[in-house]
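First up is the structure itself, then whatever we jot down about it.
The values are calculated or read from the model by the stated rules, or taken from the named source; none is laboratory data. None of these values were measured; they are calculated from a predicted model. Don't worry about glycine lacking a Cβ; one is built from the backbone with ideal geometry, like all the others, and counts go over all protein chains shown. When the accessible area is computed, the model is the full protein with side chains, heavy atoms only, and any ligands, DNA or RNA have been set aside. Shrake-Rupley method; radii C 1.70, N 1.55, O 1.52, S 1.80 Å.
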Amino acid sequence: MAIDLVTRSEWGARQPRGSYSRLTSTRGVKVHYTGGQVSPGIVNDHAKCVALVRSIQSQHMDGNGWLDIGYSMVACPHQQVFEGRGPGHLPAANGSGLNSGHYAVLGLVGSSGLTQPTDGILHAILDAVEYLRDKGGAGREIKGHRDGYATDCPGGPLYAWVKKGAPRPGGGPVDPPEPHPSFPGRVLKYPPVMIGEDVRTWQRQMSDRGWDIDVDGMYGEASRDACRAFQREKGLSATGAVDRVTWQATWEEPVT
């Protein structure tokens, strides 16, 4: 397996503040973006990629109080893969309670500036995935950070690529994600029975997916039980409440 690996010593990583928790296997990998502004200038200047990775490590250690950069690996536009925590080590970027399930791979795109992943970034993400499978026991899943966690990460374009099955790029832009009703802003839960068009919208989508559920606009015991079963099927926290993550998954997760 070919990978253009930038080791920690090569990118000037700081030493971690403590010992990593060990991982021997995961269900797969979750893909991330920075969530901030990324200068398009990194595409033509690899030194800027190095500087950005260093700044992310500093933010995670000095701002978040983590022992190291939170990602397992980082993918840059030059199809180079920066060693973060690396294989066999618990990441910190997926969210509390979610890090043991997947390694974390960051693509160097953001919410502004460079938002569209280049072919080099996509290739590098997949190179990192293959490396983590080979060296760290990563499973076959490739998911976005937002799968199971309330966040916009890894952004629309990168998440659309993930939802396509994360193919090796063959040229052309990544299609934007298909729109779906926005999260209504309130968590649907029982008890007591909640009534509204937001309930009806969610029930209709669940029914369209093949679930046996009444589309009556009333979130009661039957809706809660269907929600809980759906959450278990998709690897979400089985609370029986339709929060933002569950709402998004109702439209974005594949029908099984």
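From the Kirkwood radius over Cα pairs of the range 29-107, Stokes-Einstein at 4 °C and 1.567 mPa s returns a whole-number translational diffusion coefficient of 101 µm²/s.
For Gln80, the shell of other residues with beta-carbons less than 11 Å away shows a net charge of -4, using +1 for Lys and Arg and -1 for Asp and Glu. Only protein heavy atoms count here; on that basis, with a 1.4 Å probe, Ser207 has an accessible area of about 50 Å². Taking each residue as 0.36 nm, the span from Arg27 to Arg244 lengthens on full extension beyond its C-alpha to C-alpha distance by 75.8 nm.
Computed from the Cα positions only, the extents of the range 1-150 along the three principal axes stand at 37, 32, 31 Å, in decreasing order.
Taking the chain as a Gaussian network, where each spring joins two C-alpha atoms under 10 Å apart, which residue of Asp147, Asp225, Asp208 fluctuates the most? For the chain, modelled as a Gaussian network with Cα springs under 10 Å, the answer is Asp208.
Within the set of other residues whose C-beta is less than 15 Å from the C-beta of Asp68, count the net charge using Lys and Arg as +1 and Asp and Glu as -1.
On the way: positive: Arg8, Arg14, Arg17, Arg22, Arg54, Arg85; negative: Asp62, Glu83.
Its environment carries a net charge of +4.
Annotation: the chain has a Kirkwood hydrodynamic radius of 19.2 angstrom, from the mean reciprocal C-alpha pair distance. For the pair Leu90 and Trp251, label points projected 7 Å from Cα toward Cβ lie 3.5 nm apart.
In the context of the full set of protein chains, residues of the range 30-81 present 38 Å² of accessible surface per residue (probe radius 1.4 Å, heavy atoms only).
Within the listed set Gln80, Gln59, Gln15, the residue fluctuating most in the Gaussian network model of the chain (springs between alpha-carbon atoms under 10 angstrom) is Gln15. For the range 182-236, the normalised intensity computed at q = 0.17, 0.25 Å⁻¹ comes to -0.48, -1.05 (log10 of I(q)/I(0), Debye sum over alpha carbons, equal scatterers, no solvent).
DSSP loop (so not H, G, I, E, B), at most 13 other Cβ within 10 Å: list which trypsin sites (Lys or Arg not before Pro) in the range 178-256 pass both filters.
Working: sites: Arg186, Lys189, Arg200, Arg204, Arg209, Arg224, Arg228, Arg232, Lys234, Arg244; in loops: Arg186, Lys189, Arg209, Lys234.
Qualifying residues, ordered by number: Arg186.
Label sites at Asp214 and Gln59, each approximated as a point 7 angstrom past Cα along Cα to Cβ, lie 4.8 nm apart. Dividing the helix sum by the residues of the chain, where each DSSP H run of 4 or more adds -39500 (n - 2.57), gives a mean residue ellipticity at 222 nm of -9000 deg cm²/dmol.
Listed by chain and number, the lysines whose alpha-carbon sits under 22 Å from that of Lys164, ignoring those within fewer than 8 places in the same chain, are Lys30, Lys143, Lys234.
Take Trp202, Trp211 and sort them by solvent-accessible surface of the protein heavy atoms, 1.4 Å probe, largest at the top. Let's see the in-between values first.
Details: Trp202 0, Trp211 60 Å².
Per-residue accessible area, sorted high to low, gives Trp211, Trp202.
Partnerless cysteines in the chain, where a partner means another cysteine C-beta under 4.7 angstrom, comprise Cys153, Cys227.
Overall, the accessible surface of the chain at a probe of 1.4 angstrom is composed of carbon and sulfur to the extent of 48 percent. Note on the range 113-222: with charges restricted to the Cβ of Lys and Arg (+1) and Asp and Glu (-1), its dipole about the Cα centre is near 260 debye. The Cα center of the range 214-256 and the Cα center of the range 128-150 differ in position by 24 Å.
For the chain, a Gaussian network of Cα nodes joined below 10 Å ranks Pro117, Pro192, Pro40 by mean-square fluctuation, and the top entry is Pro192. Given in Å, the Rg to one decimal and the Dmax to the nearest whole number for the Cα atoms of the range 99-239 are 18.1, 51. A dipole drawn for the chain from +1 and -1 charges on Cβ atoms has a positive end, and of Gly165, Ala238, Ser182 the residue lying farthest that way is Ala238.
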